[in-house]
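The values are calculated or read from the model by the stated rules, or taken from the named source; none is laboratory data. Computed from a predicted structure; not experimentally measured. Quick reminder, even Gly has a Cβ in these numbers, built from the backbone with ideal geometry, and neighbours come from all protein chains shown. Only protein heavy atoms, including side chains, enter the accessible area calculation; ligands, DNA and RNA are left aside. Shrake-Rupley method; radii C 1.70, N 1.55, O 1.52, S 1.80 Å.
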Amino acid sequence: MRVIITELICEAGQKMLQKEAQVDLKLGIERKELLKIIKDYDAIIVRSATLIDEEFMEKAENLKIVGRAGTGTDNIDVPAATRRGIIVANTPESNSTSAAEHAVALMMATSRNIPQANSFIKGGKWERNQFKGSELYGKTVGIIGLGRVGSRVATRLKGMGMRVISYDPYISEERFRRFGAEKMEKLEQLVKEADYITVHTPKTEETFGMIGEEQFAIAKKGVRVVNCARGGIINEDALYQAIKAGIVASAGIDVFVKEPSCGNPLFEFDNVIVTPHLGASTEEAQDRVGIMIASQVLSGLRGEIVPNALNMPTLIDDELIKLKPYLTLAEKMGRLYFQLEKESIERVELSYNGPISNEAVEMITISFLKGLLETVLCERVNYVNAPLLAKNRGVKVYETKKETTERGFINVIEAKIVNKYGGVVIAGTLYGEKEPRIIQLYDYGVDFPPTENMLIIENIDQPGMIGKMGMLLGEENVNIASMQVGRNYKGKLAMMSINIDNEVSNETLEKVSQSEGITSVKFVKL
Ligand code: NAD
Ligand code: MLT
């Protein structure tokens, strides 16, 4: 496995990766060069400067995972990655505290003219009158976006005696209360009341330029602003004009529309304090980010669930441990269908029965779809693109949940795969905590472990069939690991599920199917 790192992560993270992969550190590589070599890599690790767009992904033939060492993913075309089954994972939380502290630092530095005074004194001038500042205490701060970073800013500024007001239409009332912020129903309300405005939203169509000319027109004269989120959320031209007009007293800016930013008109002003996207640049944050992204990339390369993947449901570690055996079971249940039936599917109805119904079953459904589709599609099917591939093939997926089961097992997952002839039912459970078992196949109550190589045989329910099959497979040098027989009505049809050690040849299958009393035989690979 080959991993390319285009923006620096900590050494500990690099070392983790080196244990399992060949790691190439190509810091600041030219885009042209990157597009040329990316086909040779299974994973890429970036921060905010590397653009991972459609053109990039077209060239990245072998790419399985994009690791974003940080939070914002506006440099990554996530839907395009999803279409190609490429996982995109980031490291939220790991740098939120650093970003919040940087926003507060910018706010304080602009209020007390610290960088300007620093330059003066080092330039040999002792000037006190020019740098009279302003206290944060007792002022109103308007926080736009009360997520991971915004909420940390809120608690810190609350501690400094500020009145905290916040605009975030996408969170609950409870979250405002938890962080001591007064909820503003409208952005204008926040803008009118705030002495300080700090933005902490992602960069989206809705947020890009959300503080612009219109907002500066209604802001308090002397308002101070901070952008430590993404360049352009505070419109740079409008900010320039508002500073010139004396509406904005100072600005602290860490992020820019164009990065690296050199010669930005905002740099003309002494009361604009700028840093080169340093929000997350602390030792602590970078250690956390590097280790976390390395671990996620390795999980992705091993084909495991990636806890912070943006294009898969997220699972916390405990959930993952609990659900893993069910993911395996569901995937194997899915793999059975197209190996037994050559009929296209109209819909899949998955029902979760028992306490499992209270868990994050969405991921189990994806696992089922992955198993279902990977037996018939040439393209890569994984946890990322399985739902999209199913949708594109017109397969509707329904989930139902019930807290009890009727079959005497604690948890049962039942899949009804509906085709034009009706439905095929496959049900499974776990024995103990992690032994998958198939307990229904078609109308047959069965009980077999879904192992790698299996024969599923339907036969007339008559004496001698088991012995005959044992003899025949023995003659064909097929070793039986275990065998199970299920039937519905005495004397009608029965099903043998046979776990075998190896694959079987078509000739052997032909011989079995020709054998008297056998109505169908299928070799399945699970
Ligand atoms: P988050 O997803 O935890 O929080 C974002 C919040 O913004 C959410 O609560 C969301 O509801 C809210 N929001 C979304 N659209 C909104 C809108 N139109 N109006 C008001 N609120 C809206 O994100 P986060 O981890 O807190 O990161 C916040 C920003 O900080 C992101 O842009 C991220 O990229 C950036 N960031 C920058 C640095 C840095 O180095 N400067 C470091 C970390 C994060
Ligand atoms: C982030 O979104 O995490 C920040 O941009 C920090 C970074 O990547 O340097």
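What are the residue pairs meeting all of these: first residue in the stretch 67-84, first residue within 12 Å of ligand 1 (Cβ to nearest atom), second residue aliphatic (A, V, I, L, M) and open to solvent by 30 Å² or more (accessible area, probe 1.4 Å), Cβ atoms under 7 Å, and 6 or more apart or on different chains?
As it stands, the answer is 73/310; 75/51, since those pairs meet every condition given.
For residues in the stretch 48-85 being more than 18 Å from the chain's Cα centre (by Cα) and closer than 18 Å to residue 5 by Cα, which is surrounded by the fewest Cβ atoms within 10 Å (Cβ to Cβ)? Before the answer, list the steps.
Filtering the stretch 48-85 down to residues more than 18 Å from the chain's Cα centre (by Cα) leaves 49-51, 54-56, 58-62.
Narrowing the set further to residues that are closer than 18 Å to residue 5 by Cα leaves 49-51, 56, 59-62.
Values: 49: 13, 50: 21, 51: 14, 56: 21, 59: 13, 60: 25, 61: 11, 62: 13.
Step by step, filter the stretch 48-85, then rank; the result is 61.
Any chance the stretch 42-57 includes a residue that's in contact with a Ser or Thr (Cβ under 6 Å, 6 or more places away or on another chain), within 16 Å of ligand 2 (Cβ to nearest atom) and β-branched (Val, Ile, Thr)?
yes
Are any of the residues in the stretch 231-239 within 16 Å of ligand 2 (Cβ to nearest atom), within 23 Å of residue 77 (Cα to Cα) and open to solvent by 40 Å² or more (accessible area, probe 1.4 Å)?
No, there is no match, as no residue in the stretch 231-239 is within 16 Å of ligand 2 (Cβ to nearest atom), within 23 Å of residue 77 (Cα to Cα) and open to solvent by 40 Å² or more (accessible area, probe 1.4 Å).
Restricting the search to the stretch 1-53, which residues are of a type in the set (Ser, Thr, Tyr) and either in contact with a strand residue (DSSP E or B) (Cβ under 7 Å, 6 or more places away or on another chain) or not assigned by TED's automatic domain parsing to the domain that holds residue 63 (or both)? Outline the logic, then answer.
Looking only at the stretch 1-53, we keep the residues that are of a type in the set (Ser, Thr, Tyr), and these are 6, 41, 48, 50.
Listed by number, the residues that qualify are 6, 41.
One residue is enough: does the stretch 482-502 have a residue meeting the conditions polar (S, T, N, Q) and more than 29 Å from residue 326 (Cβ to Cβ)?
Restricting attention to the stretch 482-502, the residues satisfying the condition of being polar (S, T, N, Q) are 482, 484, 488, 497, 499, 502.
Within this subset, residues satisfying the condition of being more than 29 Å from residue 326 (Cβ to Cβ) are none.
No, there is no match, as no residue in the stretch 482-502 is polar (S, T, N, Q) and more than 29 Å from residue 326 (Cβ to Cβ).
Exactly one condition in (1) surrounded by fewer than 23 Cβ atoms within 10 Å (Cβ to Cβ); (2) more than 25 Å from residue 204 (Cβ to Cβ); (3) touching a residue at least 40 places away in the same chain (Cβ under 8 Å); (4) not small (Gly, Ala, Ser) is false for residue 297; which is it?
(1) is the only condition that residue 297 fails.
Each row is one residue, and each column tells you yes or no for (1) assigned by TED's automatic domain parsing to the domain that holds residue 158; (2) over 25 Å from residue 312 (Cα atoms); (3) of a type outside the set (S, T, N, Q).
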site: 67; (1), (2), (3): no, no, yes
site: 73; (1), (2), (3): no, no, no
site: 76; (1), (2), (3): no, no, yes
site: 80; (1), (2), (3): no, no, yes
site: 83; (1), (2), (3): no, no, yes
site: 87; (1), (2), (3): no, no, yes
site: 104; (1), (2), (3): yes, yes, yes
site: 108; (1), (2), (3): yes, yes, yes
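Output the number of the condition that residue 97 fails; it satisfies all remaining conditions of (1) within 15 Å of ligand 1 (Cβ to nearest atom); (2) surrounded by 20 or more Cβ atoms within 10 Å (Cβ to Cβ); (3) of a type in the set (Val, Ile, Thr).
(2)
For residues in the stretch 204-218 being in contact with a helix residue (DSSP H, G or I) (Cβ under 8 Å, 6 or more places away or on another chain) and open to solvent by less than 20 Å² (accessible area, probe 1.4 Å), which is nearest to residue 98 (Cα to Cα)?
Filtering first and then ranking leaves 211.
Name the residues in the stretch 117-136 that are within 17 Å of residue 225 (Cα to Cα) and surrounded by 16 or more Cβ atoms within 10 Å (Cβ to Cβ), would you? Spell out the reasoning first.
At the first step, the residues of the stretch 117-136 found to be within 17 Å of residue 225 (Cα to Cα) are 133-136.
Selection gives 134, 136.
In the stretch 113-152, what residues are within 16 Å of ligand 1 (Cβ to nearest atom) and out of contact with any Asp or Glu (no Cβ under 9 Å at 6 or more places or on another chain)?
The initial filter retains those residues of the stretch 113-152 that are within 16 Å of ligand 1 (Cβ to nearest atom), namely 141-152.
Passing the criteria: 149, 151.
For the stretch 368-393, how many residues meet the condition of being touching a strand residue (DSSP E or B) at 6+ places or on another chain (Cβ under 9 Å), in contact (Cβ under 8 Å) with a residue 12 or more places away in the chain and open to solvent by 20 Å² or more (accessible area, probe 1.4 Å)? Give the steps one after another, and end with the answer.
Keep residues of the stretch 368-393 that are touching a strand residue (DSSP E or B) at 6+ places or on another chain (Cβ under 9 Å), which gives 368-369, 372, 375, 382-384, 387, 390-391.
Still in the running and in contact (Cβ under 8 Å) with a residue 12 or more places away in the chain: 368-369, 372, 375, 382-384, 387, 390.
Cutting the leftovers down to open to solvent by 20 Å² or more (accessible area, probe 1.4 Å) gives us 375, 382-383, 387.
Selection size over the stretch 368-393: 4.
Restricting the search to the stretch 153-192, which residues are within 23 Å of residue 252 (Cα to Cα), open to solvent by 60 Å² or more (accessible area, probe 1.4 Å) and not in a loop (DSSP other than H, G, I, E, B)?
Hits for the stretch 153-192 are 155, 156, 158, 163, 188, 189, 192.
Can you say whether residue 243 is more than 28 Å from the chain's Cα centre (by Cα) and either open to solvent by 40 Å² or more (accessible area, probe 1.4 Å) or within 15 Å of ligand 2 (Cβ to nearest atom) (or both), as far as the supplied structure shows?
Values: more than 28 Å from the chain's Cα centre (by Cα): yes; either open to solvent by 40 Å² or more (accessible area, probe 1.4 Å) or within 15 Å of ligand 2 (Cβ to nearest atom) (or both): no.
So residue 243 fails the test.
Please work out which residue is farthest from residue 448 (Cα to Cα), limiting yourself to the stretch 410-438 and to residues that are in contact (Cβ under 8 Å) with a residue 40 or more places away in the chain and open to solvent by 60 Å² or more (accessible area, probe 1.4 Å).
Among them, the one singled out is 420.
Suppose we filter the stretch 278-294 for residues that are in a helix (DSSP H, G or I), in contact (Cβ under 8 Å) with a residue 12 or more places away in the chain and either within 14 Å of ligand 1 (Cβ to nearest atom) or open to solvent by 20 Å² or more (accessible area, probe 1.4 Å) (or both); how many remain?
Let us first name the residues in the stretch 278-294 that are in a helix (DSSP H, G or I), namely 283-294.
Narrowing further to those that are in contact (Cβ under 8 Å) with a residue 12 or more places away in the chain: 284-294.
Applying the additional criterion that residues be either within 14 Å of ligand 1 (Cβ to nearest atom) or open to solvent by 20 Å² or more (accessible area, probe 1.4 Å) (or both) yields 284-289, 291-293.
Here the count works out to 9.
Of everything in the stretch 141-151 that's surrounded by 21 or more Cβ atoms within 10 Å (Cβ to Cβ) and at negative phi, which residue is farthest from the chain's Cα centre (by Cα)? Full working, then the answer.
Step one: filter the stretch 141-151 for residues surrounded by 21 or more Cβ atoms within 10 Å (Cβ to Cβ), giving 141-146, 149-151.
Next, from what is left, pick out any that are at negative phi: 141-144, 146, 149-151.
Values: 141: 32, 142: 30, 143: 26, 144: 24, 146: 21, 149: 19, 150: 21, 151: 22 Å.
Here the answer is 141.
Give just the number: which of (1) assigned to a loop (DSSP other than H, G, I, E, B); (2) in contact with a strand residue (DSSP E or B) (Cβ under 7 Å, 6 or more places away or on another chain); (3) open to solvent by 30 Å² or more (accessible area, probe 1.4 Å) does residue 201 not satisfy?
Residue 201 satisfies all of (1) assigned to a loop (DSSP other than H, G, I, E, B); (2) in contact with a strand residue (DSSP E or B) (Cβ under 7 Å, 6 or more places away or on another chain); (3) open to solvent by 30 Å² or more (accessible area, probe 1.4 Å) except (3).
State yes or no: is residue 263 in contact (Cβ under 8 Å) with a residue 24 or more places away in the chain and not in a strand (DSSP E or B)?
In short, no.
On the basis of being away from ligand 2 (no atom under 16 Å from the Cβ), among the small types (Gly, Ala, Ser) and out of contact with any Lys or Arg (no Cβ under 9 Å at 6 or more places or on another chain), does residue 217 make the cut? Write out each step before concluding.
Values: away from ligand 2 (no atom under 16 Å from the Cβ): yes; among the small types (Gly, Ala, Ser): yes; out of contact with any Lys or Arg (no Cβ under 9 Å at 6 or more places or on another chain): yes.
Considered against the rule, which asks whether it is away from ligand 2 (no atom under 16 Å from the Cβ), among the small types (Gly, Ala, Ser) and out of contact with any Lys or Arg (no Cβ under 9 Å at 6 or more places or on another chain), residue 217 comes out as yes.
Are there strands (runs of 3 or more DSSP E) fully within the stretch 389-504 with at least 2 residues that are of a type in the set (A, V, I, L, M, F, W, C)? List them.
Numbers: elements: 396-402, 412-419, 422-431, 435-441, 444-448, 453-460, 480-487, 493-500.
Output list reads 412-419, 422-431, 435-441, 444-448, 453-460, 480-487, 493-500.
Of 113, 129, which residue is within 23 Å of residue 222 (Cβ to Cβ) and modelled with pLDDT under 95?
Numbers: 113 fails: modelled with pLDDT under 95.
Criteria check complete, one pass: 129.
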